[in-house]
Amino acid sequence: MAAWAERLAGVRGVLLDISGVLYDSGAGGGAAIAGSVEAVARLKRSPLKVRFCTNESQKSRRELVGLLQRLGFNISEGEVTAPAPATCQILKERGLRPHLLVHDGVRSEFDDIDVSNPNCVVIADAGESFSYKNMNRAFQVLMELENPVLISLGKGRYYKETSGLMLDVGAYMKALEYACGIEAEVVGKPSPEFFKSALQAIGVEAHQAVMIGDDIVGDVGGAQKCGMRALQVRTGKFRPSDEHHPEVKADGYVDNLAEAVDLLLQHMDK
Amino acid sequence: MVRFVTNTTKESKQDLLERLKKLEFDISEDEIFTSLTAARNLVEQKQVRPMLLIDDRALPDFTGVQTGDPNAVVIGLAPEHFHYQLLNQAFRLLLDGAPLIAIHKARYYKRKDGLALGPGPFVTALEYATDTKAIVVGKPEKTFFLEALRDTGCAPEEAVMIGDDCRDDVGGAQNTGMLGILVKTGKYRAADEEKINPPPYLTCESFPHAVDHILQNLL
């Protein structure tokens, strides 16, 4: 492997995944990953531009940021690129009124969306709200539509909570796709538009940016497809087999965010 | 030799037998082969301990099967089990390498209040999350028909399937090398016979007509 100096040359901005990189969600708000609070602080003190790029869709940005701040993180709502706001924009642009298959925690993100007489279904990480009844209602809505539109906030297979791995929105998205014979539109990683909007927010071009994430396909693969470099952390949902993924090869594998930041600060152009 | 085959996942063989006997059918238990039987056979073959995501009424068909400390998942039509917590438990077992056995992958079924999700979507969810494929044991899988014929001593080519579901009954049977007769009762809808290739060996009005044809032409 080429030396880190070469691999990290010319980096001006960093996109940080949240779940599995900063913290693991779970009971009592979850737990910060060792070294991550300080790592974010160091990044922010450096000349590098920082943007949080998350697929979190169970909580509103406000709730998520509040939780992270209580864990000690230096983060504010305006620094976060999340799928719910991006979805709202799309809904408004296309005159879509959604039936929401979402966790109550994220509902406030859809406060100024018309949800009467739905002509589409929006599915997010509903967690415990993925009851058979709720899934069935969303299914019935789609089956009644002449032109069934299903918008999914991310398509992750699973994520890590403090208690263990948890089924993510992608699995339930596939369930509805199969049941209705349709294909969902994905808002959030790994969709290129989502990465681009995060880069735009910090005014950094893809080739000058590094994505740091725990999802080898959604974070790392997705970022690389947009022309970014990407580092895979061994925290969060990471499993050893991810280091030998048949399709995706990260630009580097690091134990955690702290190690990633060490390397970035060491090798960035002075 | 006759076998009665069905994809039901919410009736044990006993229940099915009693129901049919009440209707005055002359049938014995060992002439019935259901997708639950197929699942149980597979579990025994693989010597695994299944987490059973099946209707409670189907449990009698798994009497004697070890289910403690599961290392396999068997999934049928069981809406009451398809909530997040239980599916997540199944997901974690599968991620650890447990096989996923699906009774069938029906997309939906009809209920009084409209269409309702079948097991298929949830099997798909688990397959996607774990990047594995389920072993499907019900119709129209070949293994179902081969298993049903196993103790009859008949080869598929010597057997006829009579059913009302063109794809699952007739298509599945013909794919196995059997002859398929589609009857225009039950869930049959006009022009169903045009939906499979090759078309059914015969499409006829009802079960008695099918039997007449067999007795007159195929023996």
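A few points about this structure:
- Of all residues making up region B:109-125, the number that are facing chain A (nearest Cβ under 7 Å) and either closer than 30 Å to A:Lys237 by Cα or touching a Pro at 6+ places or on another chain (Cβ under 8 Å) (or both): 7
- B:Leu52 among the hydrophobic types (A, V, I, L, M, F, W, C), surrounded by fewer than 18 Cβ atoms within 10 Å (Cβ to Cβ) and over 30 Å from B:Glu157 (Cα atoms): no
- Residue tally, condition assigned to a helix (DSSP H, G or I) and either out of contact with any helix residue (DSSP H, G or I) (no Cβ under 7 Å at 6 or more places or on another chain) or among the polar types (S, T, N, Q) (or both), over region A:158-180: 3
- Boolean, B:Val136 is within 14 Å of the chain's Cα centre (by Cα), open to solvent by less than 50 Å² (accessible area, probe 1.4 Å) and either of a type outside the set (Gly, Ala, Ser) or within 13 Å of chain A (Cβ to nearest Cβ) (or both): yes
- Where a residue in region B:66-82 is at negative phi and its partner, wherever it lies, is crowded, with 16+ Cβ neighbours inside 10 Å and of a type in the set (Ser, Thr, Tyr), with Cβ under 8 Å and at least six apart: B:Gly76/B:Thr9; B:Gly76/B:Ser35; B:Leu77/B:Thr9; B:Ala78/B:Thr9; B:Pro79/A:Tyr132; B:Glu80/A:Tyr132; B:Phe82/A:Tyr132
- Contact map, region B:106-124: first residue at positive phi, second residue modelled with pLDDT of 95 or more, Cβ cut-off under 6 Å, separation 6 or more or different chains; pairs are B:Gly114/A:Gln140.
- Members of region A:144-157 found to be outside any loop (DSSP other than H, G, I, E, B) and touching a strand residue (DSSP E or B) at 6+ places or on another chain (Cβ under 6 Å), listed by number: A:Leu150, A:Ile151, A:Ser152, A:Leu153
- B:Asp212 closer than 16 Å to B:Thr6 by Cβ and either among the hydrophobic types (A, V, I, L, M, F, W, C) or without any contact (Cβ under 8 Å) to a residue 60 or more places away in the chain (or both): no
- Residues of region A:12-24 satisfying the condition of being part of a strand (DSSP E or B), out of contact with any Phe, Trp or Tyr (no Cβ under 6 Å at 6 or more places or on another chain) and open to solvent by 10 Å² or more (accessible area, probe 1.4 Å): A:Asp24
- Checking each residue in region A:147-163 for being away from chain B (no Cβ under 13 Å), in contact (Cβ under 8 Å) with a residue 60 or more places away in the chain and open to solvent by 30 Å² or more (accessible area, probe 1.4 Å) picks out only A:Thr162.
- Scanning region B:63-104 for residues that are in a loop (DSSP other than H, G, I, E, B), within 8 Å of another protein chain (Cβ to nearest Cβ) and surrounded by 21 or more Cβ atoms within 10 Å (Cβ to Cβ) yields a single hit, B:Phe82.
- Considering only residues in region A:190-201 that are within 12 Å of the chain's Cα centre (by Cα) and open to solvent by 10 Å² or more (accessible area, probe 1.4 Å), the one that is farthest from the other protein chains (Cβ to nearest Cβ) turns out to be A:Ser191.
- Among the numbered conditions (1) open to solvent by 10 Å² or more (accessible area, probe 1.4 Å); (2) outside any loop (DSSP other than H, G, I, E, B), the only one that A:Ala9 does not meet is (2).
- Residue that is nearest to the other protein chains (Cβ to nearest Cβ) [pool: residues in region A:115-140 that are in a strand (DSSP E or B) and of a type in the set (Val, Ile, Thr)]: A:Ile123
- Scanning region A:211-270 for residues that are open to solvent by less than 50 Å² (accessible area, probe 1.4 Å) and basic (Lys, Arg) gives A:Arg229, A:Lys237.
- Verdict on A:Glu144 being on the phi < 0 side of the Ramachandran plot, within 14 Å of another protein chain (Cβ to nearest Cβ), surrounded by fewer than 24 Cβ atoms within 10 Å (Cβ to Cβ) and touching a residue at least 12 places away in the same chain (Cβ under 8 Å): no
- Close pairs from region B:186-203: first among the polar types (S, T, N, Q), partner assigned to a helix (DSSP H, G or I) and modelled with pLDDT of 90 or more, Cβ under 8 Å, at least 6 apart: B:Thr203/B:Glu193
- Residues of region B:169-185 satisfying the condition of being assigned to a loop (DSSP other than H, G, I, E, B) and either open to solvent by less than 20 Å² (accessible area, probe 1.4 Å) or touching a residue at least 40 places away in the same chain (Cβ under 8 Å) (or both): B:Thr176, B:Met178
- Among the conditions (1) away from chain A (no Cβ under 14 Å); (2) surrounded by fewer than 21 Cβ atoms within 10 Å (Cβ to Cβ); (3) without any contact (Cβ under 8 Å) to a residue 40 or more places away in the chain; (4) not aromatic (Phe, Trp, Tyr), B:Arg57 misses just one, which is (3).
- Residue ID - farthest from A:Ser19 (Cα to Cα), chosen from residues in region A:164-183 that are more than 10 Å from every other protein chain (Cβ to nearest Cβ) and open to solvent by 20 Å² or more (accessible area, probe 1.4 Å): A:Ile182
The values are calculated or read from the model by the stated rules, or taken from the named source; none is laboratory data. In this text the structure is predicted, and so the values were computed from the model without any measurement. As a convention, Cβ positions derive from the backbone with ideal geometry for all residues, glycine included, and neighbour counts pool all protein chains shown. Ligands, DNA and RNA are stripped out before the accessible areas are found, and what is left, the full protein with its side chains, is counted by its heavy atoms. Shrake-Rupley method; radii C 1.70, N 1.55, O 1.52, S 1.80 Å.
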